[in-house]
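The structure under discussion is supplied below as structure tokens; questions concerning it will follow.
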Amino acid sequence: MRVLVTAASRHGATLEVADAIGRALSEAGVQADLKMPDEVAGVEGYEAVVLGSAVYYGQWLPTALDFARRHRAALSARPVWLFSVGPIGAPEPRPVEPPAIAAQLVANLKARGHHTFAGALDRGRLGLTEKAIAIVMRAPEGDYRDWPAIRRWSEEIARVVKARVHEPLPA
Ligand SMILES: Cc1cc2nc3c(=O)[nH]c(=O)nc-3n(C[C@H](O)[C@H](O)[C@H](O)COP(=O)(O)O)c2cc1C
């Protein structure tokens, strides 16, 4: 029972979310491999895939979108869960709406679902242009990631994957 967890991150916050998902899956008894989307040659050999991306300007990052395009057929043949990391601020991180690409990806990959997790913004990690944009947008600095919610979501995935244990591995 192996699950691939892969996510595109620009400044590390999403990578840490992917890592937490992988650890929660492992602790729930599902072997999870964490890889960068552009390092994955194929998803054959995995019972399921968790694919995520940080959101910038309403979009997923190119490496996550490329991954979805390259492996579309194999992804459609196995359970896939998608997640976006982006909204920032408190008490309600914004934007509230999921990125528009999410619904399209769910349809293209026949994904089991998509979840948006709040992200983190550390202006010190940004390049000059991004820093200027973050200031103009008045983007609130801070770490808004909801680790218990990330764990609960991962445990639900583990539950579904474990329930499928007797089904043959998809091609
Ligand atoms: C220039 C810039 C643009 C952003 N645009 C969005 C956006 O459109 N939607 C969103 O939800 N979050 C947006 N964010 C917030 C990031 O997605 C958030 O900081 C995320 O945690 C970054 O993940 P990373 O560290 O893995 O790159 C933006 C952040 C920056 C700096």
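Select from Gly119, Leu75, Tyr144 the residue farthest towards the positive end of the dipole of the chain; place +1 on Cβ of Lys and Arg, -1 on Cβ of Asp and Glu, and compute about the Cα centre.
Leu75
Taking only DSSP H segments of four or more residues, each worth -39500 (n - 2.57), what value at 222 nm results for the chain once the sum is divided by all its residues, to the nearest 500 deg cm²/dmol?
Helix contribution divided over all residues of the chain: -11500 deg cm²/dmol.
How many percent of the accessible area of segment 1-104 is carbon or sulfur, using a 1.4 Å probe?
That share works out to 53 percent.
Continuing with this model, one more query. So what's the net charge close to Arg72: Lys and Arg +1, Asp and Glu -1, counting the other residues with Cβ under 13 Å from its Cβ?
Taking every Cβ under 13 Å from that of Arg72, the sum is +3.
Then there is this: If we sort 109-118, 94-103, 27-36 on the protection proxy, mean other Cβ atoms within 10 Å, highest first, what's the order?
Details: 109-118: 18.7, 94-103: 14.3, 27-36: 16.5.
Sorting 109-118, 94-103, 27-36 by mean packing, highest first, produces 109-118, 27-36, 94-103.
Which net charge results when you count Lys and Arg as +1 and Asp and Glu as -1 among the other residues whose beta-carbon is under 15 Å from that of Gly89?
Its environment carries a net charge of -2.
For segment 1-46, just say rounded, prolate or oblate: build the C-alpha gyration tensor, square-root its eigenvalues into a ≥ b ≥ c, call rounded for a/c under 1.5, and beyond that prolate if a/b exceeds b/c, oblate if not.
Taking the square roots of the gyration eigenvalues as a ≥ b ≥ c, segment 1-46 is oblate.
The values are calculated or read from the model by the stated rules, or taken from the named source; none is laboratory data. The structure displayed is predicted, hence computed values, not measured ones. All Cβ positions, glycine included, derive from the backbone under ideal geometry; neighbour counts span all protein chains shown. Just so you know, the surface numbers come from the protein's heavy atoms only, side chains and all, with ligands and any DNA or RNA stripped out. Shrake-Rupley method; radii C 1.70, N 1.55, O 1.52, S 1.80 Å.
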